[in-house]
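Below you'll find the structure, written out as structure tokens, and then a few comments.
The values are calculated or read from the model by the stated rules, or taken from the named source; none is laboratory data. Remember, it's a predicted structure, so these values are computed and weren't measured experimentally. Cβ placement follows ideal geometry from the backbone for every residue including glycine, while neighbour counts extend to all protein chains displayed. Heads up: the accessible areas ignore ligands, DNA and RNA and are worked out on the full protein's heavy atoms, side chains in. Shrake-Rupley method; radii C 1.70, N 1.55, O 1.52, S 1.80 Å.
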Amino acid sequence: LIVHEDLFYHVETEHDKVPEEKKVPNIKRKELLEKANMVVYRIHSPWDRKEKIGVVDAFISFLGWETEKRDFPWVKICILPKARSIEELAEELKEKIGLKGVWTNGVSQNKVRRVGIAVGGFGLWGYWVQTLADMGAEVIIAGETHEYTALFAREYGIGMIEVGHSTMENIGLKRLADTLKERFSSLNVH
């Protein structure tokens, strides 16, 4: 079993008195793995930033966009072929990805061309909003964010569109499965 996110829930704060081995979901998951005699390999950060086929680049490629050349593997800037409003961009994302809805802070009524990509949980931290803004982003497409960071972006004047953490990352994981099928044709990959 190859997974992207951590398989087990950790102790999150100093107030969390339940150790990892006592957390009910962890117990259930461990029992299932032992019963099925499964081996788990977790590939997160290396696959997020793997050039051309990793999570970030796979998402951008899926949308049919071009990446601005920068030496920053975690977040990227795309230049759209034509400017559009944040609302138009949100509609395009819904259609291409197959979503019923997305969240947007829609701070700008201006047309945008420079789109920051923050896959998965990179939209949770103001640091990445600041980084993408410094790279020239006019709007950020994030897997997920929370109110605090959305307010940071709004006050900074940057639009945000949230499409779902796993929604963005699953595109890159599909690319991982395809890559494994190509390289190891005798394996049965699902």
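Within the range 1-157, the proportion of Cα pairs with more than 20 Å between them is 58 percent.
Relative contact order of the range 85-155, taken over Cα pairs closer than 8 Å and 6 or more residues apart, is 31 percent.
Stretched out straight at 0.36 nm per residue, the stretch from residue 72 to residue 103 would grow longer than its current Cα-Cα span by 8.6 nm.
Summed over all non-identical Cα pairs, the Kirkwood treatment of the range 70-125 gives a radius of 12.6 Å. Given a 1.4 Å probe and the protein chains as shown, residue 125 ends up with an accessible area of around 130 Å². Put simply, the convex hull of the Cα atoms in the range 71-175 casts, on average, a shadow of 6.3 nm².
Descending by average beta-carbon neighbour count within 10 Å, the peptides 147-160, 109-122 line up as 109-122, 147-160, the highest first.
Taken over the range 1-43, the ratio of Cα radius of gyration to 2.2 N^0.38 Å equals 1.27.
Over the range 31-190, Cα pairs under 8 Å with separation of 6+ residues give a relative contact order of 23 percent.
Exceedance of the 22 Å cut-off in Cα-Cα distance is limited, within the set 76/181; 30/181; 52/76, to 76/181; 30/181. Running Debye on the range 117-168 with equal point scatterers at the Cα sites and no solvent, what base-10 log of I(q)/I(0) appears at q = 0.13, 0.15, 0.20, 0.24 Å⁻¹? Computed log10 I(q)/I(0) values: -0.22, -0.29, -0.53, -0.77. Rounded to the nearest 20 debye, the dipole magnitude of the chain is 540 debye, with +1 charges on Lys and Arg beta carbons, -1 on Asp and Glu beta carbons, and the Cα centre as origin.
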